[in-house]
Amino acid sequence: MNTENIDKLLLKEIRKRRTFAIISHPDAGKTTLTEKLLLFGGAIQQAGAVKSKKIARAATSDFLSIEQERGISVSSSVMKFNYQGYEINLLDTPGHKDFSEDTYRVLTAVDCAVMIIDSAKGVEPQTQKLMEVCRMRNTPIITFINKLDREGLEPLDIFEDIEDKLQIECVPLTWPIGMGKRFKGVYNLEKKELGLFSPGYSPKDDGGILIKDLDDIRLNGLISESQAEQLREDVELIDGASDPFDLDLYLNGTQTPVFFGSAINNFGVKEMLDAFVQIAPVPGKRTALSRDVEPTETAFSGFTFKIQANMDPDHRDRIAFFRICSGKFVKGMKVMHHRLGKEIKLSNATIFMARERSNVEEAYPGDIIGIHNHGTIKIGDTFTTKEKLKFLGIPSFAPEHFRRVILKDPMKAKSLQKGLVQLSEEGTIQVFRPLIGNMMILGAVGVLQFDVTMARLKAEYKVNATHEIVDLSVARWVSCDDEKKMKTFKQRNESSLALDSEGCLTFLTTSEYQLGFAMEAWPDIVFHKTREISRPA
Ligand code: G4P
């Protein structure tokens with residue numbers, strides 16, 4: 001076969017792909033926006049399809065349903081849809097009670113993100129945390145300010161809040177006209193089009209009403225005279241005060257284009273999606289330990305960023321979510337599983353369509369495939385056709401919640417140990433062994449992770465255990481270039497130190513204040529919020 005031809009085909013497929021996640025605080029409208037995006041992409045036919053999953057999820061968070069007892073997240077992890085010829089992969093970021101380390105780690109597998117801000121609330125804590133993760137790779141962010149049909153904060157106040165809390169410059173691409181009961185629509189500053197709002201709006205393919213000059217007298221009739229005047233003033237102010245949209249600044253994560261709308265009413269979503277496919281980056285290069293890997297390289301490569309247990313108790317298999325970084329995936333292909341030094345055949349990988357899974361015949365960089373396995377794959381594992389690579393940037397995140405494990409049957413200590421090792425490798429939980437004593441401490445980013453761990457220990461390892469709160473709330477991995485200084489630090493802080501499941505030294509303490517205190521006292525010690533998984537020494 002002509003290799004030049006393959007490259008061109010590969011390039012064509014790569015250019016069609018956009019892989020992203022939505023970051024938001026619970027209730028800002030992520031489920032609603034997801035549903036509208038899937039509707040525009042023709043992946044679902046009616047509203048409510050995603051919602052019903054959300055209801056199911058809410059229920060599982062309230063009580064230990066069968067799924068939860070087995071430790072399974074029922075969230076739709078990856079939704080693939082097409083829009084205007086683009087193949088879009090939307091990765092779910094579990095955000096309610098199922099908020100977990102997965103939520104963070106999913107962001108390591110996307111090329112860009114859409115941030116939803118509730119116009120009445122501004123920047124909320126979960127958004128702030130997720131943005132911190134996006135910052136690690138300078139992920140480009142598009143902002144959607146939602147719920148304009150309700151009374152909210154003034155747009156410029158929201159910008160100030162975003163710029164202040166998230167350190168990213170806002171550049172409006174649309175501008176709202178009023179809000180709440182007086183919400184009339186948005187003016188597209190680039191296309192100079194007016195989109196008039198109506199509840200249950202259905203967007204037109206030919207765009208809005210062209211108003212090239214805001215002094216156009218028609219404007220007074222389309223919205224009210226006072227609102228037209230306000231819009232003129234606002235646009236003049238924006239032109240004077242805000243920098244123009246700069247693609248490079250957006251792509252390196254320092255500037256965010258902002259759209260206004262009302263997801264529940266379909267309003268402003270199409271404008272955002274149209275811009276998204278134009279400016280969201282195509283799958284880019286990824287950093288591996290030895291070198292950067294370009295997506296256009298014909299040799300297949302990728303990494304695992306999430307593992308989900310199977311719903312079927314008779315089949316102990318798991319699905320590893322695998323992001324393709326280069327080359328083409330073909331059903332049945334053989335790849336090297338480098339951590340195990342073994343060749344494996346990918347014969348029954350799954351691709352995730354919006355609502356169902358199907359067997360995948362071929363897939364390309366940016367795509368996510370699901371690989372069935374029996375516990376042989378762990379988070380961060382790299383597979384390639386040949387070259388020994390280890391992709392970086394799929395870390396463990398410092399836990400914020402801690403529990404002590406209480407084993408009910410002491411005879412099961414070995415099984416507990418085995419189970420916790422496996423579950424920590426799958427990213428379900430983190431396990432720490434303090435340097436003093438023989439207690440085991442579990443660490444998690446979301447509290448549901450503890451229940452999931454206990455349920456899975458019981459179902460899969462026949463271990464009956466419970467957990468109990470411990471007085472800890474901060475963990476940091478520690479390192480130091482100077483061995484001697486590290487030794488002294490270890491000696492003086494033995495009671496606050498533990499080893500994680502990979503033997504990495506971790507400082508555990510009760511508060512951010514105590515952490516600050518330690519950081520001040522030990523300026524040569526580096527306190528890390530993330531730790532690269534199984535990075536070879
Ligand atoms: P989430 O996934 O980010 O948690 O948010 P979700 O989409 O579930 O939305 C949270 C609530 O906000 C929902 O109301 C939803 O209907 C509402 N919402 C979303 N977008 C808009 C909008 O543009 N305008 C207004 N006014 N509301 C919006 P709920 O009462 O919690 O649920 P439901 O009873 O509507 O299903």
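At-a-glance table
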{"read-out": "Residues of region 16-37 that turn out to be touching a residue at least 40 places away in the same chain (Cβ under 8 Å) and near the ligand (Cβ under 6 Å from one of its atoms), as a count", "value": "7"}
{"read-out": "Any hit, region 103-122, residues being surrounded by fewer than 21 Cβ atoms within 10 Å (Cβ to Cβ) and either more than 14 Å from the ligand (Cβ to nearest atom) or within 29 Å of Ser326 (Cβ to Cβ) (or both)", "value": "yes"}
{"read-out": "Residues located in region 255-276, provided they are away from the ligand (no atom under 16 Å from the Cβ), over 12 Å from Val114 (Cα atoms) and assigned to a helix (DSSP H, G or I)", "value": "Asp274"}
{"read-out": "Failed condition for Thr127, given (1) farther than 27 Å from Glu13 by Cβ; (2) at pLDDT below 95; (3) under 13 Å from the mean Cα position of the chain (by Cα); (4) not hydrophobic (A, V, I, L, M, F, W, C)", "value": "(2)"}
{"read-out": "Sole residue being assigned by TED's automatic domain parsing to the domain that holds Glu426 and crowded, with 18+ Cβ neighbours inside 10 Å, chosen from Asp500, Asp524", "value": "Asp500"}
{"read-out": "Residue within region 448-458 that is modelled with pLDDT of 95 or more and touching a Ser or Thr at 6+ places or on another chain (Cβ under 9 Å) present", "value": "no"}
{"read-out": "Unmet requirement for Gly419, which otherwise passes all of (1) part of a loop (DSSP other than H, G, I, E, B); (2) closer than 30 Å to His374 by Cα; (3) touching a Leu at 6+ places or on another chain (Cβ under 7 Å)", "value": "(1)"}
{"read-out": "Residues of region 141-154 that turn out to be more than 15 Å from the ligand (Cβ to nearest atom) and in contact with a Pro (Cβ under 6 Å, 6 or more places away or on another chain), as a count", "value": "1"}
{"read-out": "One residue from Lys331, Lys306 being at pLDDT below 95 and out of contact with any strand residue (DSSP E or B) (no Cβ under 6 Å at 6 or more places or on another chain)", "value": "Lys331"}
{"read-out": "Single match in Lys412, Lys388, Lys378 (criterion: touching a residue at least 24 places away in the same chain (Cβ under 8 Å) and loosely packed, with under 15 Cβ neighbours inside 10 Å)", "value": "Lys388"}
{"read-out": "Residue ID - nearest to the chain's Cα centre (by Cα), chosen from residues in region 362-405 that are polar (S, T, N, Q) and not in a loop (DSSP other than H, G, I, E, B)", "value": "Ser396"}
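Conditions (1) at positive phi; (2) among the β-branched types (Val, Ile, Thr); (3) surrounded by fewer than 23 Cβ atoms within 10 Å (Cβ to Cβ), marked per residue:
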residue	(1), (2), (3)
Leu251	no, no, yes
Asn266	yes, no, yes
Val282	no, yes, yes
Lys306	no, no, no
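The values are calculated or read from the model by the stated rules, or taken from the named source; none is laboratory data. Please read these numbers as outputs of a predicted model, since none were measured by experiment. Heads up, the Cβs are rebuilt from the backbone with ideal geometry, glycines too, and the neighbour counts pull from every protein chain shown.
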